[in-house]
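All remarks here apply to the structure that follows.
The values are calculated or read from the model by the stated rules, or taken from the named source; none is laboratory data. The model shown is predicted, which means the values in this text are computed figures rather than measured ones. Note: ideal-geometry Cβ built from the backbone for every residue, glycine included; neighbour counts use all protein chains shown.
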Amino acid sequence: MEKRVYIETYGCQMNEHDTERILRLLEGSHYLETKDAQEADFILINTCSVREKPEHKVYSALGRFKWLKEKKGAVIGVAGCVAQQEGVRLLDRVPYLDLVIGTHAIPMLPQLLQKMEVSGERVCETGFDSAGDYLKAVLPRAPVGKVRSYVTIMQGCDHFCSFCIVPYVRGREQSRPSREIIEEVERLVEMGVKEVCLLGQNVNGYGKGLKEEIRFSELLRRINNIDGLDRIRFTTSHPRDLSDELMQAYSNPSKLCEHIHLPFQSGSDKILQAMHRGYTKDSYLEKIDRLRKICPLISITADVIVGFPGEGEKDFEETLDLIQKVRFDDLFSFKYSPRKGTRAAQFTDQVEEKVKQERLSVLQKIQREITLQKNQEWEGRLEEILVEGRSKQSLQDMAGRTRSNKIVNFEGDLSLVGKLIPVGITKAYPHSLRGGILGSGFTCSPQCLLCRNG
Ligand code: SAM
Ligand code: SF4
């Protein structure tokens, strides 16, 4: 008999991708996705514990679903980083919770649900899988109905930055054999996917521990050869491990899009050292210069943390200085959030919440202006867009992405979905661009890149 599953996802792309994998796994056990929790037989909260805010959401979500357990007998579960970290404590704390499933246990979910049905017992599974089988692809059974897809190439992290919970909840770095990755991408392409984003906490570390000798740049080359695939992206790379070989991958025209996400976290050498990041402000800036020499049009985004323990005004100014020097296309900025079990949570010189908030507001205001100015640089250019579907802003419009990862909304129809088309950029906004298909009133400017390149 068919059942319904409702999944609420918090946090990063890794979690979003895990949710996709869970849905594909459950399809095989006759669970179909529902977007309405009230119809669900199984409710799963897929969580993130990188910062405190998403972690708190788990408890409020559990509170919201309690009545569905009481009234309808729905099975309620928690997956992801909070599940991994809290384990059986979650079951103790929340009496109506049935299932806790850690980051490496996802492939076991169908069996665990079956076991619970038979025994009626509550289950907690948070063991780490050192063989790496948990990374195996869960392939789609039918066309995925999407133009873009994530593909995990490695998981876990060996860096142990002093603020970060990831190595504790996702385990040590483990890479997937290249053959498995290639097969997954080929299958996705058959299912209509045109763009893949290769996922890992530190993609530059790809290949470590595998029997085959392969580095990330070689994996990129192999994926580039897959027929029918139009675009490749990846996230995230650690500045310390960003090799010259990988930077050179941006030098030749290929499917690799001109965008890199390169978190810097702080502009102060003192704070970078306390974070255990393994680079300095200058060495980060040198890498950015080198990337821009290799690929002048590369769009650069990053993550930054304000209010790390010991961060004084001077350190914060160094961060603002770095932001102004690089002029990122966009920034993901966070207040430092102490994570239990990490070294920085024990540091005695914690920064007051009020100061963190003030610094975040100052930084975000500066970045908002830079982002808009960077977007305005695209006005008047003709850009290649991969059309993804209807615009979130208006039902009459379609939306797609430039190679530099900027969202473009334009007038069009559904027949364009999955196609690469030239679109003229007519207006820049803080979070997106407005465009027009050539011939529908758009004429390009002398800065137009496609025209200049012939
Ligand atoms: N591996 C990537 C790197 O090192 O560049 C980052 C992955 S991490 C899961 C995503 C982002 O969350 C980090 O870049 C950092 O800015 C933020 N983050 C991680 N731990 C944090 C904490 N304790 N407080 C605030 N932000 C945090
Ligand atoms: Fe966390 Fe990234 Fe540092 Fe790894 S490299 S510990 S994922 S911040």
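Results, tabulated for the structure shown:
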quantity: Residue within the range 247-264 that is within 16 Å of ligand 2 (Cβ to nearest atom), of a type in the set (S, T, N, Q) and out of contact with any Leu (no Cβ under 7 Å at 6 or more places or on another chain) present; calculated: no
quantity: Residue match in the range 187-195 (condition: crowded, with 22+ Cβ neighbours inside 10 Å, over 30 Å from L414 (Cβ atoms) and modelled with pLDDT of 90 or more); calculated: no
quantity: Pair list, Cβ under 7 Å, 6 or more apart: the range 246-268 residue over 16 Å from V203 (Cβ atoms) and modelled with pLDDT of 95 or more, other residue within 11 Å of ligand 1 (Cβ to nearest atom) and assigned to a loop (DSSP other than H, G, I, E, B); calculated: Q265/R277; S266/F308
quantity: Of residues in the range 215-245 being buried (at least 18 other Cβ atoms within 10 Å of the Cβ) and among the aliphatic types (A, V, I, L, M), the one modelled with the lowest pLDDT; calculated: L242
quantity: Members of the range 351-364 found to be more than 27 Å from the chain's Cα centre (by Cα) and within 12 Å of ligand 1 (Cβ to nearest atom), listed by number; calculated: V351
quantity: Pick from the range 284-314, criterion farther than 13 Å from V326 by Cβ and of a type in the set (G, A, S), ranking: surrounded by the fewest Cβ atoms within 10 Å (Cβ to Cβ); calculated: G312
quantity: Unmet requirement for E313, which otherwise passes all of (1) out of contact with any Asp or Glu (no Cβ under 8 Å at 6 or more places or on another chain); (2) within 15 Å of ligand 2 (Cβ to nearest atom); (3) more than 30 Å from L433 (Cα to Cα); (4) modelled with pLDDT of 95 or more; calculated: (2)
quantity: Scan of the range 189-207 for residues that are free of Cβ contacts under 8 Å to residues at least 40 places away in the same chain and of a type in the set (D, E, K, R), ordered by number; calculated: E190
quantity: Those residues of the range 83-94 which are of a type in the set (V, I, T) and buried (at least 16 other Cβ atoms within 10 Å of the Cβ), in sequence order; calculated: V94
quantity: Pick from the range 151-175, criterion within 8 Å of ligand 2 (Cβ to nearest atom) and either free of Cβ contacts under 8 Å to residues at least 12 places away in the same chain or of a type in the set (F, W, Y) (or both), ranking: nearest to S337 (Cα to Cα); calculated: F163
quantity: Qualifying position, being basic (K, R), within 22 Å of D289 (Cα to Cα), in contact with a strand residue (DSSP E or B) (Cβ under 7 Å, 6 or more places away or on another chain) and at pLDDT 95 or above, among R403, R359, R327; calculated: R403
quantity: Selected residue (criterion: modelled with the lowest pLDDT) from residues of the range 106-149 that are within 30 Å of V417 (Cβ to Cβ), in a loop (DSSP other than H, G, I, E, B) and basic (K, R); calculated: R141
quantity: The listed residue being more than 22 Å from E55 (Cβ to Cβ), part of a loop (DSSP other than H, G, I, E, B) and away from ligand 1 (no atom under 12 Å from the Cβ), out of G278, G310; calculated: G310
quantity: Segments classed as helices (runs of 4 or more DSSP H), wholly inside the range 177-260, with at least 3 members that are farther than 19 Å from T152 by Cβ; calculated: 244-248
quantity: Count of the range 149-172 residues which are small (G, A, S), away from ligand 1 (no atom under 11 Å from the Cβ) and over 19 Å from G127 (Cβ atoms); calculated: 1
quantity: Residue identified as buried (at least 17 other Cβ atoms within 10 Å of the Cβ), closer than 24 Å to N15 by Cβ and touching a strand residue (DSSP E or B) at 6+ places or on another chain (Cβ under 9 Å) among G209, G200; calculated: G200
quantity: Test: L97 is buried (at least 18 other Cβ atoms within 10 Å of the Cβ), part of a loop (DSSP other than H, G, I, E, B) and in contact with a helix residue (DSSP H, G or I) (Cβ under 8 Å, 6 or more places away or on another chain); calculated: yes
